[in-house]
Amino acid sequence: MRTHPFAPALLAAALLASSIHAAPQNRNLQVIDKNISKDELKKMMEGFAAQLGVKCQFCHVDEQYEKDDKKQKGDARKMIKLVMEMKSRKPEFFKTTVKETAIQCSMCHRGRPQPEAFVP
């Protein structure tokens, strides 16, 4: 039985391609779904940054996103859980006219790292 001279290269390419499309290598995700795609995660993080008016380094150590060295990263995890909780219990917290898509960081932060205190 003869094998094609390029068979080993084709097999290697197929294995490499399958590993590229395997589960993402998101390290240290504790609140966000670990199976989120790299593109979706980047879009989500950019959304958080825009809603708070900050850059990535506000929560992350430069180019070492898996590290937990900054307090703000822990705070962000708590805030993500808070938003998830508010969405899951929407009828308890909001009027029926509030859309679920409006329940996000910007609802309170309004483009600032710290939300302004409510003064009645």
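If I go through region 27-48 residue by residue, how many of them are over 13 Å from Ala76 (Cα atoms) and touching a residue at least 12 places away in the same chain (Cβ under 8 Å)? Going through region 27-48 one residue at a time, the tally reaches 7. For Gln51, the conditions (1) in a loop (DSSP other than H, G, I, E, B); (2) touching a Lys or Arg at 6+ places or on another chain (Cβ under 9 Å); (3) in contact (Cβ under 8 Å) with a residue 12 or more places away in the chain all hold with the exception of (1).
Quickly run through region 77-114 and pick out the residues that are among the small types (Gly, Ala, Ser), exposed (fewer than 13 other Cβ atoms within 10 Å of the Cβ) and touching a residue at least 40 places away in the same chain (Cβ under 8 Å).
Residues of region 77-114 that are among the small types (Gly, Ala, Ser), as a first pass: 88, 102, 106, 111.
Retained after the next criterion (residues that are exposed (fewer than 13 other Cβ atoms within 10 Å of the Cβ)): 88, 102, 111.
Residue satisfying the conditions is Gly111 alone.
Taking region 72-120 only, how many residues are aliphatic (A, V, I, L, M) and either more than 21 Å from the chain's Cα centre (by Cα) or assigned to a loop (DSSP other than H, G, I, E, B) (or both)? So the answer is 4.
Each value in this text was obtained by applying a stated rule to the coordinates, not by laboratory testing. The structure displayed is predicted, hence computed values, not measured ones. FYI the Cβ positions are ideal-geometry reconstructions off the backbone, even for glycines, and counts take in every protein chain you see.
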